[in-house]
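Novice: Quick one: the structure is below, and I'll ask about it shortly.
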Amino acid sequence: MYHRKSRLRTTVVILVLLLVIAFPAALAREPGPSAVLASEPGEWQQVNTLTGANIGALAISPDFATDATVLIATPRSIFKSVDGGETWGMISEADNISLMVCSPTFSTDPLLLASGHNGLLRSDNGGVDWSIDDSFANVEAIAFSASFATDSIVWVGDNNGLHISNDGGLSWSDVGSFAAVTGIGPSPAYDVDGTLFVTTDDIVYRSFDRGTNWDPVWTSPASITSLVVSPSHDSDGHLYVGTTNGVYRSTNRGFMWEEKSTSLSERNTRSLVISPDYATDQTLLVSTGAGVWLTSEMGHRWTQVNTGLSSVNIQALSLSPAIAPDRIASGKRRTLG
């Protein structure tokens, strides 16, 4: 069931493409309990998606290594797989979802937040029932606190700025004074250090006091498309942004930045993701108009990993939270509608 105050509007169509990738030797190569794995390092496979469907968003369970759960949104429905994408079942109707994120405690809550162009959607039963808050305008970013199990904090960025909830998305308040927020990156130790990063079109902002005060720490030479914070940020201070003209990295909590895209033949990035085991494998993936690129050297060198892709026009990437044992990544391909 879908409870809404206004109909969501479609602006893009996502062609069906749910993929898996096995990483090279920099990552553990022993297969985990996942249902789908590529047979060769750096090779993509298409899993059994829905014939004739269009995918607007996908979400991977934080406990994918044990529950093999993936959810996808088509223009009218939500589908769920509990075997890594081999089989799918429709669980609800929902209009034109473009972003969908599982809570870190999805296996016990099971909470989902999602976006459409006219509001923020919330489900507390794994996507079966949804409510919509149409006070949000074009939600671009959703981020949960790493300590969500105890603090229930989640942030949302939209055309009106940055918003925080302390009760798992039931109520919201504004944070700071921003233009449209396109990316949110909380420190993995936010409960201790209170550090939070957000991006607007071309500026990275940082707060060390849970959003009370903000500093613009870097102005990008191009529009920012992605923001990722190292899972070990409290010890290494690393964060990355993808832009329409390359990838940039800071190793000191945003004080200084350097370009890390000299080996990318296509610099217009669409999506950037970081390995949950980054402290060990130093791995990131980035999608561009020329396909997918991988680095296992913190961006010093990138290798193109397009084997098995039916199209190199990959607009978004997702990683399994258990990337080291199960080696699962996914992507989606988009055309304008």
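Novice: Would you say Val192 is surrounded by 20 or more Cβ atoms within 10 Å (Cβ to Cβ) and either touching a helix residue (DSSP H, G or I) at 6+ places or on another chain (Cβ under 6 Å) or on the phi < 0 side of the Ramachandran plot (or both)?
Specialist: When the stated conditions are applied, Val192 does not pass them.
Novice: Hey, can you tell me all the residues within the range 123-146 that are closer than 29 Å to His233 by Cα and either buried (at least 23 other Cβ atoms within 10 Å of the Cβ) or touching a Phe, Trp or Tyr at 6+ places or on another chain (Cβ under 7 Å) (or both)?
Specialist: Scanning the range 123-146 gives Val139, Ala143, Phe144, Ser145, Ala146.
Novice: Report those strands (runs of 3 or more DSSP E) wholly inside the range 178-278 carrying at least 1 residues which are modelled with pLDDT under 95 and more than 17 Å from the chain's Cα centre (by Cα). Steps first, answer last, please.
Specialist: Working: elements: 183-186, 196-199, 203-207, 215-219, 224-229, 239-243, 246-250, 269-274.
Strands (runs of 3 or more DSSP E) meeting the threshold: none at all.
Novice: Here are Asp83, Asp95, Asp109: which of them is part of a loop (DSSP other than H, G, I, E, B), more than 19 Å from the chain's Cα centre (by Cα), in contact (Cβ under 8 Å) with a residue 12 or more places away in the chain and closer than 25 Å to Ile153 by Cα? Break it down stepwise before answering.
Specialist: Working: Asp83 fails: closer than 25 Å to Ile153 by Cα; Asp95 fails: closer than 25 Å to Ile153 by Cα.
Checking each option against the conditions leaves just Asp109.
Novice: Just wondering, is there one or more residues in the range 314-327 that are of a type outside the set (A, V, I, L, M, F, W, C), out of contact with any Ser or Thr (no Cβ under 7 Å at 6 or more places or on another chain) and at pLDDT 90 or above?
Specialist: So far as the range 314-327 goes, no, none of its residues is of a type outside the set (A, V, I, L, M, F, W, C), out of contact with any Ser or Thr (no Cβ under 7 Å at 6 or more places or on another chain) and at pLDDT 90 or above.
Novice: Can you confirm whether Gly127 is more than 15 Å from the chain's Cα centre (by Cα), free of Cβ contacts under 8 Å to residues at least 12 places away in the same chain and farther than 23 Å from Thr199 by Cα?
Specialist: On the way: more than 15 Å from the chain's Cα centre (by Cα): yes; free of Cβ contacts under 8 Å to residues at least 12 places away in the same chain: no; farther than 23 Å from Thr199 by Cα: yes.
No, not satisfied.
Novice: Quick check on the range 37-51. Is at least one of its residues modelled with pLDDT under 90, within 30 Å of Trp155 (Cβ to Cβ) and crowded, with 18+ Cβ neighbours inside 10 Å? Quick ask: steps written out before the conclusion?
Specialist: Initially, the range 37-51 is screened for residues modelled with pLDDT under 90, giving 37-51.
Those left that are additionally within 30 Å of Trp155 (Cβ to Cβ): none.
Among the residues of the range 37-51, not one is modelled with pLDDT under 90, within 30 Å of Trp155 (Cβ to Cβ) and crowded, with 18+ Cβ neighbours inside 10 Å, which makes the answer no.
The values are calculated or read from the model by the stated rules, or taken from the named source; none is laboratory data. Worth saying up front: this structure is predicted, and the values here are computed from it rather than measured. Quick reminder, even Gly has a Cβ in these numbers, built from the backbone with ideal geometry, and neighbours come from all protein chains shown.
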